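Below you'll find the structure, written out as structure tokens, and then a few comments.
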Amino acid sequence: MILVAGGSGFIGRAVVRRLRVDGAEVAVMTAHPDRSRRRIEALGATVRVGDVQDEGSLPAAVRGAAVVVQTLTFPTFPVEKRSKGYTFEAFDHIGTGRLARAAADAGVGRYVFVSGSGAAPDAPTVWHRAKWFGEEELRATGLSHVVIRPSWIYGPEDRALNRFVTFHRWLPFVPVVGDGRQRLQPVFIDDVAEAVALAVEPHGPTGTFEIGGPDVVTMDQVLRTMMEVRGKVKPLLHIAPILPKAAGAVLQLLPKPPLSPPAVDFLTGDALAESGPLLEAFGPTLTPLREGLATYLH
Ligand SMILES: NC(=O)c1ccc[n+]([C@@H]2O[C@H](COP(=O)([O-])OP(=O)(O)OC[C@H]3O[C@@H](n4cnc5c(N)ncnc54)[C@H](OP(=O)(O)O)[C@@H]3O)[C@@H](O)[C@H]2O)c1
């Protein structure tokens, strides 16, 4: 059985669907079974309850799994909510350590961790540092593992590019925070799911691999391509980050905060990846941006 921790989320759902195509027996670990059960069962997977904030819940969650895939984050991502323990440090670093140790103790044969491109111990941003230290926790267990570090992922169910699609649908312009020059390597969700499916193979390569799409583009170019695929190019309206940051300073106090000043930085940073080693090790194909968008935006 393959346990996908976070299999009810954006990346996790795509991974479960892909694994089910191969006929794999898949269970999904969820911390919110009331909310996610129906969604998980609709994917043809069974439900395992487990919460990385509650270490005691993890041994039962991983029991009997041959492989664990971890693709989870806190519910208010990328906006931290400290009062609930929803922080990058708590989930990406400490939570990864807890789940990886539970998997090692349970005799799991292989562990695939969906981290993030740019993970580094001295990275300027907390999310990149927390991912790195989570990777280190996994490496320290001695488990056979693959770390996959995606850049910016897009697809029919993403919450990033689809926000701009909604703006494009309803507004005469598309607002963009910042100068639109941040460099991205958007990677299609199906390609990430394929890479994870290849990485779960028991005797396959191990190690740490970045994955990004074949196009290195600016945010403005991503949005123009999206509009061209949708058949109508509208003007881009660049908004100084200070404005959403000021709004985020207030909105972060809400129970489900939609924005915070650090989240604005998160959303306007570069996201690049060197996919060469992953292509060499696992050989998935990477879909060009226009082609990926055309599969669902026409
Ligand atoms: N999306 C991207 O572009 C991108 C790019 C690079 C890296 N990543 C990384 O990939 C990972 C997944 O991202 P995503 O976009 O798929 O996130 P997502 O859609 O928000 O899904 C998050 C998942 O985490 C689970 N979860 C929430 N709280 C939990 C807890 N306490 N214990 C265990 N599981 C919990 C949720 O399941 P329940 O609600 O059922 O508990 C959900 O399935 C993140 O670490 C993210 O940083 C994402």
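The values are calculated or read from the model by the stated rules, or taken from the named source; none is laboratory data. From a predicted model like this one, the values you see are computed outputs, not experimental measurements. Because the Cβ atoms are built from the backbone with ideal geometry, glycine has one as well, and the counts that use them run over all protein chains shown.
Quick one: is Thr87 near the ligand (Cβ under 7 Å from one of its atoms), surrounded by 15 or more Cβ atoms within 10 Å (Cβ to Cβ) and of a type in the set (S, T, N, Q)? Criteria not met by Thr87. Go through segment 117-131 and give me each residue that's within 12 Å of the ligand (Cβ to nearest atom) and in contact with a His (Cβ under 7 Å, 6 or more places away or on another chain). Correct list: Gly118, Ala119, Ala130.
Of all residues in segment 252-276, those satisfying the criterion of being in contact (Cβ under 8 Å) with a residue 24 or more places away in the chain, of a type outside the set (Gly, Ala, Ser) and touching a Pro at 6+ places or on another chain (Cβ under 9 Å) are Gln252, Lys256, Leu259, Pro262, Val264, Asp265, Phe266, Leu267, Thr268. Asp34 satisfies every condition listed in (1) away from the ligand (no atom under 12 Å from the Cβ); (2) more than 20 Å from Ala102 (Cβ to Cβ) except (1).
For segment 67-81, the criterion of being more than 23 Å from Ile153 (Cα to Cα) and among the basic types (Lys, Arg) is met by at least one residue.
A Cβ distance below 6 Å, combined with a sequence gap of six or more or placement on separate chains, defines the contacts here; from segment 161-173, residues that are within 14 Å of His238 (Cα to Cα) reach residues that are assigned to a loop (DSSP other than H, G, I, E, B) in the pairs Phe173/Lys234; Phe173/Pro235. Can you tell me which residue is modelled with the highest pLDDT among those in segment 248-294 that are of a type in the set (Val, Ile, Thr) and surrounded by 14 or more Cβ atoms within 10 Å (Cβ to Cβ)? Out of the qualifying residues, it is Thr287.
Looking for something buried (at least 19 other Cβ atoms within 10 Å of the Cβ) and of a type outside the set (Gly, Ala, Ser) - is there at least one such residue anywhere in segment 116-126?
So in segment 116-126, the residues buried (at least 19 other Cβ atoms within 10 Å of the Cβ) come out as 116-119.
Retained after the next criterion (residues that are of a type outside the set (Gly, Ala, Ser)): none.
There is no residue in segment 116-126 that is buried (at least 19 other Cβ atoms within 10 Å of the Cβ) and of a type outside the set (Gly, Ala, Ser).
Applying the criterion of being within 14 Å of the ligand (Cβ to nearest atom) and of a type in the set (S, T, N, Q) to the residues of segment 132-181, the residue that is surrounded by the fewest Cβ atoms within 10 Å (Cβ to Cβ) is Asn162. Looking only at segment 81-95, decide whether some residue is closer than 27 Å to Glu194 by Cβ, over 13 Å from the mean Cα position of the chain (by Cα) and either at pLDDT below 95 or among the aliphatic types (A, V, I, L, M) (or both). No, segment 81-95 contains no residue that is closer than 27 Å to Glu194 by Cβ, over 13 Å from the mean Cα position of the chain (by Cα) and either at pLDDT below 95 or among the aliphatic types (A, V, I, L, M) (or both).
Out of all the residues in segment 41-53, is one or more among the acidic types (Asp, Glu), outside any helix (DSSP H, G or I), in contact with a His (Cβ under 9 Å, 6 or more places away or on another chain) and near the ligand (Cβ under 8 Å from one of its atoms)? Even if it seems obvious, please write down each step before you answer.
The first filter runs over segment 41-53 and keeps only residues among the acidic types (Asp, Glu), leaving 41, 51.
Applying the additional criterion that residues be outside any helix (DSSP H, G or I) yields 51.
Narrowing the set further to residues that are in contact with a His (Cβ under 9 Å, 6 or more places away or on another chain) leaves 51.
Applying the additional criterion that residues be near the ligand (Cβ under 8 Å from one of its atoms) yields 51.
So far as segment 41-53 goes, yes, one or more of its residues are among the acidic types (Asp, Glu), outside any helix (DSSP H, G or I), in contact with a His (Cβ under 9 Å, 6 or more places away or on another chain) and near the ligand (Cβ under 8 Å from one of its atoms).
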